[in-house]
Amino acid sequence: MLKNKTALVTGSTSGIGLGIAKQLAKQGANIIMNGFGDYAAAKAEIEAMGVKVGYHGADMSKPAEIEAMMTYAAAEFGGVDILVNNAGIQHVSPVETFPTEKWDAVIAINLSSAFHTTRLAIPTMRAKNWGRIINIASAHGLVASANKTAYVAAKHGLVGLTKSVALEVATTGITVNAICPGWVLTPLVQKQIDDRAINEKISVEQATKELLGEKEPSLQFTTTEQLGELAVFMSSPAADNIRGVAWAADGGWTAQ
Ligand code: NAD
């Protein structure tokens, strides 16, 4: 279904981004990976699906590096057809002691990076009159939790950016939507579970139960495969007129 399309998935060396990259590749999309850490095995696994795979190590907190990545995408892949803004970090702290450099980093990586990739991707998408921009927000793009001010502000901002850009391109073949996952068991969440186990002197198993029980009525994690399938659906013709939505995949978290 996505043969001859190119998907850039930011933060795709791990977790949700990697899951989405794999599902898009299964549908035939070429993939540009991005993110930190060792990516060789994941790149080889996606290449084995018979698609072209590139990698650019842009630090998503740095606009000049994002520009270099988009130039690379244009030169090597003829531009980005499906842009998945997924790179993100978390920092948990009460607002009065929230380190200002952490605030700046969370806003830069989780929100401003999507502004930069979006502004740079749209001209090519307009020329082709086709494009998909999928922003990985969060349940925290729709509701808040304490001690996550930067993350909640960034994710609410990302939902706002999604709606605003969706309106700007509403008469074109470009759609812009957000996915708002609840808990997904990735390194980002495992760290929160481990911290909780240490702080409360409980087992990791008990900390996992508590984490889910607090927010997620289904008491289940959403999987990276399920989020990948949602991105595939949003990239399909059935989603041609789905514009500016913030789609919860959160086990009922935001239905409460
Ligand atoms: P993860 O830590 O497994 O992956 C994060 C990815 O982003 C990695 O590839 C990492 O290298 C990359 N990254 C981090 N900082 C970067 C930077 N400065 N430049 C480039 N890449 C960078 O986390 P995840 O759980 O897969 O999270 C992915 C996205 O999903 C994030 O935006 C996160 O906020 C969102 N999300 C996660 C959950 C969850 O429960 N895991 C829930 C809702 C939303």
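The values are calculated or read from the model by the stated rules, or taken from the named source; none is laboratory data. From a predicted model like this one, the values you see are computed outputs, not experimental measurements. Note that we place each Cβ from the backbone using ideal geometry, even for glycine, and neighbour counts take in every protein chain shown.
Quick notes on this structure:
- Options 205, 229, 210, 214: the member that is more than 10 Å from the ligand (Cβ to nearest atom), assigned to a helix (DSSP H, G or I), assigned by TED's automatic domain parsing to the domain that holds residue 29 and over 16 Å from residue 142 (Cβ atoms): 229
- Condition check for residue 137: over 24 Å from residue 166 (Cβ atoms) and either aromatic (Phe, Trp, Tyr) or within 16 Å of the ligand (Cβ to nearest atom) (or both): no
- Filter pass, residue 165 being in the same structural domain as residue 17 (by TED's automatic domain parsing) and assigned to a strand (DSSP E or B): no
Residue by residue, here is whether (1) among the hydrophobic types (A, V, I, L, M, F, W, C); (2) within 18 Å of residue 254 (Cα to Cα) holds:
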| site | (1), (2) |
| --- | --- |
| 108 | yes, no |
| 112 | no, no |
| 127 | yes, no |
| 139 | yes, yes |
| 144 | yes, yes |
| 152 | yes, yes |
| 157 | no, yes |
| 161 | yes, no |
| 165 | yes, no |
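- Filtered residues of the range 46-67 (kept if near the ligand (Cβ under 10 Å from one of its atoms) and either in a strand (DSSP E or B) or over 18 Å from residue 87 (Cα atoms) (or both)): 56
- Residue within the range 74-88 that is more than 12 Å from the ligand (Cβ to nearest atom), assigned by TED's automatic domain parsing to the domain that holds residue 119, among the small types (Gly, Ala, Ser) and free of Cβ contacts under 8 Å to residues at least 40 places away in the same chain present: yes
- Residues of the range 33-53 that turn out to be free of Cβ contacts under 8 Å to residues at least 24 places away in the same chain and more than 15 Å from residue 19 (Cβ to Cβ), as a count: 6
- Residue match in the range 24-45 (condition: in contact with a helix residue (DSSP H, G or I) (Cβ under 8 Å, 6 or more places away or on another chain), near the ligand (Cβ under 9 Å from one of its atoms), under 21 Å from residue 135 (Cα atoms) and hydrophobic (A, V, I, L, M, F, W, C)): yes
- Evaluation of residue 173 against the conditions (1) surrounded by 15 or more Cβ atoms within 10 Å (Cβ to Cβ); (2) assigned by TED's automatic domain parsing to the domain that holds residue 110 shows that the sole unmet condition is (1).
- Of all residues in the range 168-190, those being near the ligand (Cβ under 8 Å from one of its atoms) and in a helix (DSSP H, G or I) number 3.
- A search for C-beta distances below 6 Å between a residue of the range 2-25 that is more than 19 Å from residue 71 (Cα to Cα) and of a type in the set (Gly, Ala, Ser) and any residue that is part of a loop (DSSP other than H, G, I, E, B) and within 15 Å of the ligand (Cβ to nearest atom), counting only pairs 6+ apart in sequence or on different chains, returns 15/186; 17/11; 17/86; 21/12.
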